[in-house]
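*Asks:* Input: one structure, supplied below.
The values are calculated or read from the model by the stated rules, or taken from the named source; none is laboratory data. Note that the structure is a prediction, hence the values are computed from the model and not measured. Counting neighbours? That spans all protein chains shown, and the Cβs are built from the backbone with ideal geometry, glycine included. Accessible surface areas use protein heavy atoms only, side chains included; no ligands, DNA or RNA. Shrake-Rupley method; radii C 1.70, N 1.55, O 1.52, S 1.80 Å.
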Amino acid sequence: MDNAELMRHANDVRKGILTAVHGAKAGHPGGSLSAADLFTYLYFEEMNIDPKNPDKEDRDRFVLSKGHTAPGLYAALAYRGYFPVEDLPTLRHLGSYLQGHPCLQHVPGVDMSSGSLGQGISAAVGMALGARMSGQHFRVYTLLGDGELQEGQVWEAAMFAGHRKLDNLVVIVDNNGLQIDGNIDDVCSPNPIDKKFEAFRFHVIDLKDGNDMQQIRDAFSQAAAVRGKPTAIIAHTLKGKGVSFMEGKAQWHGKAPNDEEYEAAMAELERIGEA
Amino acid sequence: MMSDGKKIATREAYGNALAEFGETQPRLVVLDADLAAATKTGVFQKKFPDRHIDCGIAEANMMGIAAGLSLTGMIPVASTFAMFAAGRAFEQVRNSIGYPHLNVKIGATHAGITVGEDGATHQCNEDIALMRTIPGMTILNPSDAVEARACVKAALEMTGPVYMRFGRAAVPVINDGPDYRFRIGKGQILKEGTDVTIVATGLLVSSALEAAQKLEAEGICAEVINICTIKPLDVDLIVQSARKTKRVVTAEEHSVIGGLGGAVCEALSENEPVPVYRIGIRDVFGESGSASALLKKYRLDADGVLEQVREFVK
């Protein structure tokens, strides 16, 4: 799939995120939008998956360690054909299968329940280890927030993955620089992120613009060729990317747009889509 | 009932069982957190080095690794001390194993006060209470080496998360009779009685049996029930016995809050309200000492059970 087509899908995913969060009147648009291009690339280009057969054994796996950005994952899954796009506004509603955080048992295409930060990466590492132990050849991807790197468990998992040389594992950090309480460097800085993963024996890829499809493609191509160590892609992204009034603003971490804001955001994405 | 005074630690039976079932179950993977010698999974490690994963001293990550492994079709058994399995990694067990209801087995050794000399930091008297609150978690607390092996076998045969609790100290073998049967969710009446029911679990089962025999001489006829599966609890068996004896004592090497005592009180208060006395660690931290000295001090040995039952039925 060429970049232009992927960008159109990413634009749809962004609309799906806003529709889901608006429908829920709650949720996390900022970090979903920053990672929308990553979700899109993974589900529309990178991973060996089959929406008609979500549980096929040799599929690549994805664990959303930053589980609060479920709207981004759900939008990608819906537009990829795992479940109807029309269901996105039921996010977080009583009785909906679209739980506030990813739920393995209820959402088609979700490979692991997640949401308590720091835990998803461990499960992803376990999957990568399991693939190796059972002689399966699938790859495992996991997306972390940069704020999430403050969780100690992330580094337990990184130490293990580096030690075991799990080269079927790709850890992606959505480095948008913001967390609920503000700038990550003001709250409790996880920087330098690249040096840390290097120290834990990862091959580190600095993805300068994690919202640029060609750069994303280059990063994942490079990751695919790495042997003998796990890969960490540090994706520098813009929180709220695609909706001008949300971009770079920590207050849009966990707040839903009202009707007016929703209309404005959707109109903006329509214009991008037509351009 | 009791055989020739043979004593084996349940952790030892656990390690041996893993090594035994590793032969027939190629998907069995044993995880440890730098305690393979103590948890006795070292026996498995020696036999199946490729299927033993030492995660280092990182229990939270170990539970997540186990979760991930189970999603690739392996059957992971995550092993460490009860304090770290149920305590330190509680939230990982809840969210990464319990919530997605994954096929992960947790082998928690060094549970309870009989950890001994290490003292309070390592004496986990809260793990049953913690694990009981997780929906869908099966909890097994074997009373001896025979039952420990049976627990491992049954846990590996079922699908879903299981918390298995083992002890450090050698305990009498009591289940080596020909009529011993183990089924998850089923308790066993080891001695019939009419005056009081002693519902016991883990190493307190042998204490309760011995106490019941001595009580007989004093004219108190106690019924003794072994509850190995704390969750799901064999409510029917306990209620039927309570209906007969009208008085129930629970006995466990665990806090009186939230463990077997809590579970039995919950079941009886809803089904057959009778007076209950809970033998266990009475809401205090433990301390250093030999296992036998601690059992005596905290009134968990046969004499301690005897005295407390006698006081209760007086």
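*Asks:* Can you go through A:Gly23, A:Gly31 and tell me which one is surrounded by 21 or more Cβ atoms within 10 Å (Cβ to Cβ), touching a Gly at 6+ places or on another chain (Cβ under 7 Å), more than 22 Å from A:Gly126 (Cα to Cα) and not β-branched (Val, Ile, Thr)?
*Replies:* One residue alone meets the criteria, A:Gly31.
*Asks:* Name the residue that is farthest from A:Ala199 (Cα to Cα), counting only residues in segment A:230-243 that are open to solvent by less than 40 Å² (accessible area, probe 1.4 Å) and not in a strand (DSSP E or B).
*Replies:* So, considering only residues that are open to solvent by less than 40 Å² (accessible area, probe 1.4 Å) and not in a strand (DSSP E or B), the one farthest from A:Ala199 (Cα to Cα) is A:Val243.
*Asks:* Condition (residue is within 18 Å of B:Asp144 (Cα to Cα) and open to solvent by 20 Å² or more (accessible area, probe 1.4 Å)) applied to segment B:15-28: is it met by at least one residue?
*Replies:* yes
*Asks:* Looking at the structure I just gave you, is A:Ala219 open to solvent by less than 50 Å² (accessible area, probe 1.4 Å) and of a type outside the set (Ser, Thr, Tyr)?
*Replies:* yes
*Asks:* Identify, please: which residue in segment A:80-91 is of a type in the set (A, V, I, L, M, F, W, C) and assigned to a helix (DSSP H, G or I) and is, among those, nearest to B:Asn61 (Cα to Cα)?
*Replies:* Among those that are of a type in the set (A, V, I, L, M, F, W, C) and assigned to a helix (DSSP H, G or I), it is A:Leu88.
*Asks:* When you go through (1) within 17 Å of B:Gly73 (Cα to Cα); (2) open to solvent by less than 10 Å² (accessible area, probe 1.4 Å) one by one for A:Met133, which number turns out not to apply?
*Replies:* Going through the list (1) within 17 Å of B:Gly73 (Cα to Cα); (2) open to solvent by less than 10 Å² (accessible area, probe 1.4 Å), A:Met133 breaks only (2).
*Asks:* To continue, here is another question. Under 8 Å between Cβ atoms, which residue pairs at least 6 apart in sequence (or on different chains) link something in segment A:143-168 that is under 27 Å from A:Leu238 (Cβ atoms) and free of Cβ contacts under 8 Å to residues at least 40 places away in the same chain with a partner that is part of a loop (DSSP other than H, G, I, E, B) and open to solvent by 20 Å² or more (accessible area, probe 1.4 Å)?
*Replies:* A:Glu151/A:Leu117
*Asks:* Related question: Scan segment B:135-174 for residues that are open to solvent by less than 20 Å² (accessible area, probe 1.4 Å), β-branched (Val, Ile, Thr) and more than 24 Å from B:His122 (Cα to Cα) and jot them down.
*Replies:* Correct list: B:Val173, B:Ile174.
Results for (1) surrounded by 20 or more Cβ atoms within 10 Å (Cβ to Cβ); (2) closer than 21 Å to A:Ile121 by Cα, shown as yes or no for each residue.
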{"residue": "A:Arg164", "(1), (2)": "no, yes"}
{"residue": "A:Val173", "(1), (2)": "yes, yes"}
{"residue": "A:Asp186", "(1), (2)": "no, no"}
{"residue": "A:Pro190", "(1), (2)": "yes, yes"}
{"residue": "A:Glu198", "(1), (2)": "no, yes"}
{"residue": "A:Phe202", "(1), (2)": "yes, yes"}
{"residue": "A:Asp209", "(1), (2)": "no, no"}
{"residue": "A:Met213", "(1), (2)": "yes, no"}
{"residue": "A:Phe245", "(1), (2)": "no, no"}
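*Asks:* Out of the residues in segment B:57-85 meeting the condition of being small (Gly, Ala, Ser) and more than 7 Å from chain A (Cβ to nearest Cβ), tell me which one is most open to solvent (accessible area, probe 1.4 Å).
*Replies:* B:Ser70
*Asks:* Something else about it: What about B:Val29, is it within 13 Å of another protein chain (Cβ to nearest Cβ), more than 30 Å from B:Ala211 (Cβ to Cβ) and assigned to a strand (DSSP E or B)?
*Replies:* Judged against the criteria, B:Val29 is a match.
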